[in-house]
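Okay, so here's the structure we're looking at.
The values are calculated or read from the model by the stated rules, or taken from the named source; none is laboratory data. As the structure is a prediction and not an experimental result, all values here were calculated from the model. Neighbour counts run over all protein chains shown; Cβ positions are idealised from the backbone, glycine included.
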Amino acid sequence: MGFRKPLDYHSVHHQIYMAGVELHNARNDGFNQWTIKQDLHRLKWLLDEIMADAPEFADEAQFLKEHEQVKMWRTLTK
């Protein structure tokens, strides 16, 4: 049996991004926005739990450092 990647990153990314768009949409009422935010919190908690138990990989520190640099540049260029 071969490797099976159980996640389609682009699909999940798009769904979460669109939830963020709806969360910040001024036409949505607080009830709907709160429901969206609850879902996002639940996803974050699930990811935090999974990542806490995950092994560390050789290139992981470099990957995270590069991401932090991108975030820093975005902040500085605003």
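When region 1-25 is examined, which residues are found to be hydrophobic (A, V, I, L, M, F, W, C) and at pLDDT 95 or above? Break it down into steps so the answer makes sense when it comes.
To start, the set of residues in region 1-25 that are hydrophobic (A, V, I, L, M, F, W, C) comprises 1, 3, 7, 12, 16, 18-19, 21, 23.
Once the filter is applied, which keeps residues that are hydrophobic (A, V, I, L, M, F, W, C) and at pLDDT 95 or above, region 1-25 yields V12, I16, M18, A19, V21, L23.
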Region 17-30 residues that are closer than 19 Å to R42 by Cβ, paired with ones that are part of a loop (DSSP other than H, G, I, E, B) (beta carbon under 9 Å, 6 or more apart): E22/N28
Lone unmet requirement of (1) of a type outside the set (F, W, Y); (2) surrounded by 10 or more Cβ atoms within 10 Å (Cβ to Cβ); (3) more than 19 Å from the chain's Cα centre (by Cα) for T77: (2)
Per-region count, region 31-78, residues of a type in the set (S, T, N, Q), more than 24 Å from H14 (Cβ to Cβ) and modelled with pLDDT of 95 or more: 2
Selection count, region 25-65, where residues are exposed (fewer than 11 other Cβ atoms within 10 Å of the Cβ) and more than 16 Å from the chain's Cα centre (by Cα): 15
For F31: the one exception among (1) within 23 Å of L7 (Cβ to Cβ); (2) assigned to a helix (DSSP H, G or I); (3) of a type in the set (F, W, Y): (1)
Lone unmet requirement of (1) touching a Leu at 6+ places or on another chain (Cβ under 7 Å); (2) assigned to a loop (DSSP other than H, G, I, E, B) for G2: (1)
